[in-house]
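Here the structure comes first, spelled out in structure tokens, and everything after it is commentary.
None of the figures in this text is laboratory data; all of them are computed from the coordinates on show. Model, not experiment: these values are computed from the prediction. Every residue, glycine as well, gets a Cβ built from its backbone with ideal geometry; the counts of neighbours run over all protein chains shown.
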Amino acid sequence: MTSSKLNISSRLHINTLQADTWLRLMLISAATIAAGILLLITLFLLRESWPALLHVGLLRFTSDTGWHPLEGAFNLTPMLIATFAASAGAILIAGPLGVASAVFGHFYASTMTAGIFKRIVALLAGIPSVVFGLWGLTVLVPRIAEWQPPGASLLAGILILVLMVLPTVALTAEAALNAVPESYFRGAKALGISHGGIILHVVIPAARSGIIGGILLATARALGETMAVLMVAGNVVQTPTSPFDPVRVLTANIALEMAYATGDHRAALFVSGLTLMLLVIALATVAGRLGGRLHG
Amino acid sequence: MAKHSIILHRDLFLAAFVWSTAALVAGSFIWLLSDMLWHGASQLSWGFLTTDTENAGRAGGIAPIMVSTLLILTVAMAVATPIGLATAMLISEFIAKDNHFARVLGMSIDVLAGVPSIVFGLFGMAFFSVYLGLGFSILAGGLTLACMALPILIRTIEEGLNAVPDEWRKGAAALGMSRSSALLHILLPTAAPALAAGLMLGIGRAMAETAALIFTSGYVDRMPSSLHDSGRALAVHIYDLSMNVAGGDANAYASALVLVMMLIVINNIALWLAHGLLQKRMSTS
């Protein structure tokens with residue numbers, strides 16, 4: 001501390017206001033770059049999708065005979081359906097399990113067990129998607145194949161996505177439960193409500209906004225996930241009729257075909273990227289609003 | 001009495017559901033981890049980390065992959081850190097929370113954090129590789145990852161700066177310090193652990209990334225000789241070995257084990273820095 005005091009006194013003559021202005025300008029220009037990246041991404045996605053939007057038009061992305069990009073047929077519907085089916089399936093399972101995980105740490109486990117369990121959830125959250133994909137491909141898919149061939153399927157995609165988004169739900173639900181005032185719990189206890197009753201009818205409803213926000217974030221993550229689903233879902237472009245059908249999701253399609261796509265085909269892949277981005281932004285915005293007011 | 005037994009049963013059912021969920025989550029994690037250790041640990045050795053990749057990755061080690069990964073991360077962090085630090089300082093110290101620019105800035109950072117990695121890959125290819133002419137290169141991959149890592153970097157540093165008590169700023173102002181020197185001599189040194197934690201989390205995010213790198217830094221598994229060379233990151237290596245190389249699973253697991261171990265170490269350092277060290281500094285003041 002003494003050295004900085006000396007510094008201050010020796011610098012008193014410098015016009016401090018001017019120094020602040022310069023720093024401020026520098027910081028603002030750096031922050032403009034940070035804010036500009038999102039704009040730049042949107043602009044470049046639009047620019048690269050433009051040829052397809054112009055030549056192919058939005059309508060044909062849902063009305064063409066199928067996805068045969070080399071013959072100029074660009075129907076994205078089967079892949080959109082596969083994307084929604086995989087995400088919806090994953091959320092239907094991971095949602096309740098994630099909330100239950102948070103409830104476990106908060107109300108059922110001893111302090112030590114809860115600590116260990118939280119570490120496990122955090123570790124699960126930190127595993128890269130390509131590692132989930134590798135494990136799904138070598139462990140999960142063969143097991144499903146024994147039961148219902150071919151194994152690489154919508155179901156495999158859903159199960160891997162469950163593992164990947166469960167920590168998101170659990171961690172946000174945990175934060176939402178923490179934000180519920182302790183007095184709610186004590187008040188309910190004093191009224192003689194049972195342990196389960198308090199959790200189901202007092203605490204979870206009070207935390208619902210944050211929990212829903214977390215589920216929306218998890219949905220966004222599931223929709224945008226690429227590698228893990230690509231590696232386990234089989235990648236056949238078709239509308240799934242059962243969970244055991246192999247499917248190709250939008251993100252996987254981009255990753256698989258971008259390497260050789262040219263012209264309208266390439267632009268069509270950028271259109272699917274743009275669609276994904278808009279979907280995810282919409283979900284993240286709603287989730288942010290909900291997370292902002294935790295028990296309103 | 002009937003009502004009472006319904007409640008009792010519901011409570012029992014809830015407890016059973018919650019406990020079995022916890023067992024399921026912990027069980028899946030242990031299953032995943034033991035498979036990785038089982039398949040990966042036998043391949044893992046010092047030689048694996050230090051020898052060249054052979055036969056498309058089926059044989060040999062991952063030395064060039066490690067070097068490429070390191071270079072990509074270095075580029076990403078060298079670009080993201082100054083921008084992230086400056087943005088965090090601006091948000092936390094110079095503009096009011098309800099300022100219009102602050103709102104737009106905060107919102108675009110939050111949205112950027114949610115953009116899917118494959119979209120970053122598309123953008124990186126269109127902008128860095130094609131528009132700026134960097135081609136498939138470590139530079140293009142690193143710059144793409146810099147964009148991806150920026151949000152977590154900004155938010156962690158911002159949290160660190162916000163944790164410094166307001167009295168310290170007032171004290172500095174009372175001593176006649178300009179805001180810039182208060183920032184440089186008091187706030188930043190105090191929040192330094194948060195800066196390091198942000199850096200670690202950013203590295204972690206970047207290191208786990210595959211989809212954004214396939215079309216930017218590419219697949220080439222030779223030792224890179226400059227930043228303009230294509231270089232294969234560790235995560236891309238795992239993907240390629242398991243999907244495109246028959247008989248590559250063993251080395252894919254070994255690489256996955258290396259990746260996960262590095263991520264766990266990095267995340268733990270970040271956690272220790274952000275919670276342990278930062279809190280300690282604040283309390284001993």
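So here's what we get for this one:
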{"item": "Sites B:TYR131 and A:THR285 - FRET efficiency at Förster radius 22 Å, r taken between beta-carbons, to 0.05", "result": "0.20"}
{"item": "Selected from B:ALA206, B:ALA250, B:ALA26 as most flexible by GNM, with chain B as the system and alpha-carbon contacts under 10 Å", "result": "B:ALA26"}
{"item": "P(r) tail fraction, region B:210-263 - alpha-carbon pairs more than 14 Å apart, %", "result": "54"}
{"item": "Percentage of interatomic Cα-Cα distances in region A:67-292 larger than 29 Å", "result": "36"}
{"item": "Spatially proximal lysines relative to A:LYS189 (Cα-Cα < 20 Å; intrachain offsets below 8 disregarded)", "result": "B:LYS3"}
{"item": "Reciprocal mean inverse distance between Cα atoms of region A:222-261 - Kirkwood radius, Å", "result": "10.4"}
{"item": "Rg/Rh (Cα only; Kirkwood hydrodynamic radius) as it applies to the protein assembly as shown", "result": "0.99"}
{"item": "Relative contact order computed over region A:67-292 (Cα-Cα under 8 Å; 6+ residues apart), in percent", "result": "30"}
{"item": "Amide H contacts of B:ALA59 (H built 1.01 Å from N, under 5 Å, at least 5 apart or other chain)", "result": "B:GLU54"}
{"item": "Descending semi-axes in Å of region A:170-296, equivalent ellipsoid built from Cα gyration tensor", "result": "42, 17, 9"}
{"item": "Cα Rg over Rh - region B:11-85, Kirkwood", "result": "1.27"}
{"item": "Mean projected area in nm² (Cα convex hull; one quarter of hull surface) for region A:231-295", "result": "6.5"}
{"item": "Paramagnetic reach from B:VAL245 (point 7 Å along Cα→Cβ, amide N under 20 Å) across region B:4-45", "result": "B:36-45"}
{"item": "Lys, Arg +1 and Asp, Glu -1 on Cβ, resulting dipole of chain B about Cα centre, debye, nearest 20", "result": "660"}
{"item": "Alpha-carbon Debye profile of region B:169-228, log10 I(q)/I(0) at 0.21, 0.30 Å⁻¹", "result": "-0.87, -1.13"}
{"item": "Translational diffusion of region B:39-156, µm² s⁻¹ [Kirkwood Rh, Cα pairs; Stokes-Einstein; 10 °C; 1.306 mPa s]", "result": "95"}
{"item": "Loop trypsin sites (Lys or Arg not before Pro), region A:254-294 (other Cβ atoms within 10 Å of the site Cβ: 11 or fewer; DSSP)", "result": "A:ARG293"}
{"item": "Cα-centred dipole magnitude for region B:1-122, charges only on beta-carbon of K, R (+1) and D, E (-1), debye, nearest 20", "result": "400"}
{"item": "Förster radius 35 Å - calculated FRET efficiency between B:ALA102 and A:LEU46 (Cβ-Cβ, nearest 0.05)", "result": "0.85"}
{"item": "Residue (of B:PHE128, B:VAL18, B:LEU49) at the positive-pole extreme of chain B, dipole from beta-carbon charges", "result": "B:VAL18"}
{"item": "Directionally averaged shadow of region B:46-283, computed from the convex hull of its alpha-carbon atoms, nm²", "result": "14.4"}
{"item": "Cα pair distances exceeding 17 angstrom across region B:1-40, given as percent", "result": "52"}
{"item": "Bins of 5 Å from zero: percent of alpha-carbon pairs in region B:97-144", "result": "5, 21, 20, 14, 15, 12, 8, 3, 1"}
